[in-house]
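Structure, as structure tokens:
The values are calculated or read from the model by the stated rules, or taken from the named source; none is laboratory data. Fair warning: this is a prediction, and the values are worked out from it, not measured in the lab. Glycine also receives a Cβ, built like all others from the backbone with ideal geometry; neighbour counts cover every protein chain displayed. These accessible areas exclude ligands, DNA and RNA; they are computed on the full protein's heavy atoms, side chains included. Shrake-Rupley method; radii C 1.70, N 1.55, O 1.52, S 1.80 Å.
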Amino acid sequence: MKENDFSAGSMRRHIISQAIPLTIAQLVQILYNITDRVYIGHLPGASGLALTGIGLIFPLVALVSAFTTLFGMGGGSIFAIARGAGDANRAEKIMSNTFTLLCASSFFITALCYIFRQPVLYGLGASDATYVYANDYLEIYLIGTPFVMISVGMNWFINGQGFPKTGMMTVLCGAVLNIVLDPIFIFGFDMGIRGAAVATVISQIVSAVWVLAFLFGKRTLLRIRKKYVVPERAVVKSVLSIGMAGFIMNGTNCLVQAVCNIVLSGYGDLYVGIMTVVNSIREIAQLPVSGIANGAQPVLGYNYGANRPDRVKSGIKFSVLIGMIISVVFWITIMLFPRAYMMPFTSDPEMLADGIPAIRIYYAAFFTMILQFSGQHTFTALGMAKPAIFFSLFRKAILVVPLAIFLPRMGLGAYGVFASEPVSNVIGGAACFTTMMIVVWRKLTRMEAENAKAASRQI
């Protein structure tokens, strides 16, 4: 199937054909997550507290996402390289091993979060007023952990086989269902914040069923095999090695959100609620940029495995250019119209008054995010785990966390927490991208020279 062979045809077309369905799928995914927050943010008599309660569980959601990325992105990346090299058996072994890892880790995480949810929520900055909302949502939301990890983690293997439209449907079917069910459970059944969690879990179950039906079915090129579901040490080591970069990126998101919530809670529940809105906007803002980066990743990995360095170079150039254009456009609009971005989540005058300057500070250097995304995803796509891991740690753990702690103490107050983001964007993004261009370009240039020598010897 030509559409599944990334080594032939236009790199731009392959990247766009992967990125568009991925972006649409992620958009719908985000919309149904944000739909929860929109409804919750306007619950009568508790909008600010309920929104803050949702914000308190963000670090735990990021933790689940970290483990999903560890196995899903790690397995998906080496799966794409194996497929590009024509090794179908190894590709199926990688996919089947990853499925087992996702299942096992999801049940462990769910149990752990249930047992320790009370001390964890208070440790993340919950007050007695906001704990009620956070706990009501979390104790139901956790039921869906195995399903969301399977649907998101295994979706990498659908996209990695050149079925982006099917991958889009993974999210679309669950997302549309969640959007429909949210008002029914929240208002129709008068379940409030718990209703939002019930709607989300049902949607996650549907998405997981869709993914497994495809990967065990006949339409896929490669499928999950029972003979490969027992993890093989060498495969697990490779998955963890490559996936560790994405794990650290999401894991440090967990750390950053936890630190930000804890610091902001010292200035009042209001600022934790504002950070919830800021993070919700960020999910939408970085979506097209991450969509381009995610769309390019299997295409770059496939061509790298197929020994086509010239195509890898052109793919990197194209994805960076498109990502920069998109991020600059968003940066301009949010700096000009921050109130319009906040209004869907809250109409609270106090939250709007303090939130508008917080948004302008937080997104001051958003246009540099493409540097981090392109560098990170290129390293991951080509199996270069060490630099990918380092720059994940560098931007979040080494830059954002200390800045979020110390900038408020330098006279900036709560706004110092929001200021930590643009500083880390500029420094971390520039360092990651520059290193990627030096290291990767040299490697690809050597590959081109070796290919030219081999071709000359055949003449």
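Ranking of TYR228, TYR114 by solvent-accessible surface, largest first: TYR114, TYR228 (1.4 Å probe, protein heavy atoms only, all chains present). Seen against the Cα atoms of the chain and their longest principal axis, helix 145-159 is set at about 30 degrees. The relative contact order of segment 330-417 comes to 20 percent, based on Cα pairs under 8 Å that sit 6 or more residues apart.
Determine the share of the chain's accessible area contributed by carbon and sulfur atoms, expressed in whole percent, with a 1.4 angstrom probe. Can you show the working numbers first?
Working: 12290 of 17920 Å².
Looking at the chain in its full context, I get 69 percent from C and S.
Solvent-accessible area of ASP128, all protein chains in place: 120 Å² (probe radius 1.4 Å, heavy atoms, ligands and nucleic acids excluded).
Report the gain in length on full extension from ALA353 to ASP128: 0.36 nm times residue separation, minus Cα-Cα distance, nm rounded to one decimal. Walk me through the numbers before you get to the answer.
Numbers: separation 225, 0.36 × 225 = 81.00 nm, distance 2.49 nm.
Extending this stretch completely gives an extra 78.5 nm.
Accessible area per residue (1.4 Å probe, heavy atoms of protein chains only) ranks ASP354, ASP36 as ASP354, ASP36, with the largest value leading.
In the context of the full set of protein chains, residues of the chain present 39 Å² of accessible surface per residue (probe radius 1.4 Å, heavy atoms only). Annotation for SER314 and ARG339: the two label points, set 7 Å from Cα along the Cα-Cβ direction, are 4.9 nm apart.
Measuring with a 1.4 angstrom probe and ignoring ligands and nucleic acids, TRP331 comes out at about 70 Å² accessible.
Note on segment 421-449 and segment 342-420: Cα centroid distance 20 Å, given to the nearest whole angstrom.
Which angle between 0 and 90 degrees, to the nearest 10, do you get for helix 193-215 versus the longest principal axis of the chain when only C-alpha atoms count? Taking Cα atoms only, the helix is inclined about 10 degrees. How would segment 141-291 be classified by its alpha-carbon gyration tensor: rounded, prolate or oblate, with rounded meaning a/c under 1.5 and the a/b versus b/c comparison settling the rest? Because a/c hits 1.5 or more and a/b fails to exceed b/c, segment 141-291 counts as oblate. Helix 128-141 and the longest principal axis of the Cα set of the chain meet at an angle near 40°.
Normalised by the residues of segment 71-176, what does the relative contact order come to in percent, with Cα pairs under 8 Å and at least six apart? Can you show the working numbers first?
Details: 76 pairs, mean separation 37.1, N = 106.
With pairs under 8 Å counted, the relative contact order is 35 percent.
Let me have the 222 nm mean residue ellipticity of the chain computed from DSSP H runs of 4+ only, each contributing -39500 (n - 2.57), with the sum over all residues rounded to the nearest 500.
On the way: 18 runs with 364 residues, N = 459.
Result for the chain: -27500 deg cm²/dmol, rounded to the nearest 500.
In this label model, LYS227 and ARG12 are separated by 4.5 nm, measuring between points 7 Å along each Cα→Cβ vector.
In the structure shown, do any of LYS93/LYS165; LYS226/LYS443; LYS386/LYS443; LYS226/LYS386 have a Cα-Cα gap over 27 Å, and if so which? Working shown, then result.
On the way: LYS93/LYS165 24 Å; LYS226/LYS443 38 Å; LYS386/LYS443 15 Å; LYS226/LYS386 32 Å.
From the list (LYS93/LYS165; LYS226/LYS443; LYS386/LYS443; LYS226/LYS386), the Cα-Cα distance tops 27 Å for LYS226/LYS443; LYS226/LYS386.
The order of ARG117, ARG395, ARG308, ARG457 by accessible area, most exposed first and with a 1.4 Å probe, is ARG457, ARG308, ARG117, ARG395. Each 20 Å bin from zero holds the following percent of Cα-Cα pairs in the chain: 25, 58, 16, 1.
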